Amino acid sequence: MSQKVATLLIIFFSAILQTAVFSNLFFWGLGPDILLLLVIFWTIQEGFEKALGKNILIGFIFDLITFYSVGTHIFSFVLVSFFVGLISRRFLVIAAGWRVFIVGITIIFCTWANSLFLNGLFSTAEYFNRANISDAPVHFFSGMLVKAAILNILFFPLVYFLLKSAGKVNFFKTQNGLV
Amino acid sequence: MPKKYFTSKITRLVFVILVCVFFVFLNPKGFFDPLRGVFLTIASPFQKIFYGSSQKVGELSAFLVSISEIKKDNANLSKENNFLAGEIARLKQVEKENTTLREQLELLPRDKFSLIGGFVIGQDPQGSESWIVFDKGQKDGVLPDMAVIVSNGILVGKVAEVYASSSKINLLSNPNNFINVVDVETGAKGIARGEYGLGLVMDMVTQSEALNIGDTIITSGLGGNIPRGLLVGKVKEVKISDDRLFQKAVVASRIKFTQLETVFVVK
């Protein structure tokens, strides 16, 4: 129970940080996508299936707080999580030195893939004349996407160590020993 | 189909994707609004505290970065102070003229609006200057489509969605925001909306009307709840539309949308 409450609080305050704090702190007017980093972390740690509930909750809370149609970010985060699951199962069992590099590449890929999935959803919505699901543009192959990827890579260690510390007090148990 | 292609992982993925697509495409956007309202009521106090604190930290860091510039600025400000003392006398005369002109143009005096003041407590995390969250909602009398200004009568956007204790405001730079505007100098009428890459544009101005760089653009008061006379910005660039039927002006707003702290909804 305490694990579920802790998970909910982490997701809730991460969403608050992303919408109310980061845009004021970073010169680029864009902060790290901390919720995407949570998706990556939990998928690597627990695998796609076990992290699915958490990832749906992350997408749901993010949709609520950013006024998107509910389902928009659940869609992109679950797809991202699926691919992270595939990558982590195949590549993260290799030597420790390479893991950092692979996680870095995974974060860049996920930042890009998240935009790709959102763009795909918005384009399809526009095609079916339901364009109002998106107010904001999603950066795709743009400078902003590169900045987002850099910020995500820089912030992943922070997310990793914070959640690992939480894990030490028995909130998060490593399931597959990869992280 | 071979069994290996139909694992529980793929089944779950497909199920979640289908449910999401169902909610996004087939359900009305307002289906989750009651739940969103409750969530925003819970989140609003936290957003308020975090947004306010982070703005102060942001300002402090910007101040620290610019500290070396302060000495130079101080000297410049002293010079400017002397110049401004002379300007005050001149502006008193301009103020009189302004009052007369506003009366002639039938503009509402900017200090006579009935306003609902409040704080910005969140914004689009993608940094696209598309929307902000306002800490007043239905309980305070905020309604959809009301104009949102900063204290001196400069339009920043209009209310898009209203919940019990907070509202979503679509900024001028949002492509889904359409506001009727007029060029003060030439009387050319058009629609102000956001455009990716250009910021704010005045669109749908017929070829027979004149648009000049430097012209002042204000709200026309036609349609909707936006009163006439709110400043939108100044014309920065004039373009011809692709079909050559209309002119389009890139408008520079005086507001930095990402740095908004306090805004007012015009009742």
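FYI, it's all coordinate maths here, none of it is from the lab. Only a predicted model underlies this, so the values are computations on that prediction, with no experimental measurement involved. Glycine also receives a Cβ, built like all others from the backbone with ideal geometry; neighbour counts cover every protein chain displayed.
Considering only B:178, B:25, B:63, give the residue with the highest GNM mean-square fluctuation for chain B, with springs between Cα atoms whenever their separation is below 10 Å.
The residue that fluctuates most here is B:25.
Measure up B:72/B:92; B:56/B:158; B:48/B:256 against 23 Å on the Cα-Cα distance and list the ones that go over.
Values: B:72/B:92 30 Å; B:56/B:158 26 Å; B:48/B:256 20 Å.
Result: B:72/B:92; B:56/B:158 exceed 23 Å.
To make sure I understand the rule: partners must be aspartates and glutamates, Cα under 17 Å from the Cα of residue B:139, and not fewer than 8 residues away in the same chain. Which ones qualify?
B:33, B:161
If amide hydrogens are placed 1.01 Å from N in the peptide plane, which non-local residues have theirs closer than 5 Å to the one on residue B:210?
B:188
If a/c stays under 1.5 just call it rounded; otherwise compare a/b with b/c (prolate if a/b is bigger, oblate if not). Do that for the stretch B:179-252, with a ≥ b ≥ c from the square roots of the Cα gyration tensor eigenvalues.
Verdict is rounded for the stretch B:179-252.
Under the classification rounded if a/c is under 1.5, otherwise prolate if a/b is larger than b/c and oblate if not, where does chain B fall, given a ≥ b ≥ c as square roots of the Cα gyration tensor eigenvalues?
The shape class here is prolate.
Given the Cα-Cα distance of residue B:19 and residue B:75 and 0.36 nm per residue of separation, how much length would full extension add, in nm?
The residue B:19-residue B:75 span can extend by a further 13.8 nm.
From Cα pairs below 8 angstrom and at least 6 apart in sequence, can you work out the relative contact order of chain B, rounded to a whole percent?
Once normalised by length, the contact order is 16 percent.
Which angle from 0 to 90°, rounded to the nearest 10, does the C-alpha axis of helix B:70-104 make with the longest principal axis of chain B?
Taking Cα atoms only, the helix is inclined about 80 degrees.
Over the stretch A:2-168, how many pairs of lysines fall under 22 Å by alpha carbon, counting only those 8 or more apart in sequence or from different chains?
8
What distance in nm lies between label points placed 7 Å from Cα along the C-beta direction at residue A:161 and residue B:176?
So the two model labels end up 4.0 nm from each other.
With contacts defined as alpha carbon pairs under 8 Å and 6 or more residues apart, what's the relative contact order of the stretch A:2-168 in percent?
Computed over the stretch A:2-168, the figure is 24 percent.
Could you calculate the FRET efficiency of residue A:105 with residue A:26 from 1/(1 + (r/R0)^6), where r is the beta carbon distance between them and R0 is 22 Å, rounded to 0.05? Walk me through the intermediate numbers first.
Numbers: r = 23 Å, r/R0 = 1.05.
Calculated transfer efficiency: 0.45.
Based on the Cβ-Cβ distance from residue A:127 to residue B:241, what FRET efficiency comes out when R0 is 25 Å, to the nearest 0.05?
0.60
Along the Cα→Cβ direction, 7 angstrom out, place labels at residue A:150 and residue B:26. What is the inter-label distance in nm?
4.4 nm
In whole Hz and in residue order, list the ³J(HN,Hα) couplings for the stretch A:111-124 that follow from phi through the Karplus curve 6.51 cos²θ - 1.76 cosθ + 1.60, θ = phi - 60°; x for Gly and Pro.
4, 5, 5, 4, 5, 4, 5, 5, 4, x, 5, 5, 5, 5
Nearest 500 deg cm²/dmol is fine: what mean residue ellipticity at 222 nm does the protein assembly as shown get from its DSSP H runs of n ≥ 4 alone, each adding -39,500 (n - 2.57), divided by its residue count?
Calculated mean residue ellipticity at 222 nm is -16500 deg cm²/dmol.
With the cut-off at 1.5 for a/c, could you classify the stretch A:2-168 from its C-alpha gyration tensor as rounded, prolate or oblate?
Details: a/c = 1.42, a/b = 1.35, b/c = 1.05.
The shape class here is rounded.
Need the full-extension length gain, residue A:13 to residue A:91, defined as separation in residues times 0.36 nm minus the C-alpha distance. One decimal, nm.
Details: separation 78, 0.36 × 78 = 28.08 nm, distance 3.13 nm.
Here the segment from residue A:13 to residue A:91 would lengthen by 24.9 nm.
With a point put 7 Å past each Cα toward its Cβ, work out how far residue B:56 is from residue B:189 in nm, to one decimal.
Spacing of the two 7 Å Cα→Cβ label points: 4.8 nm.
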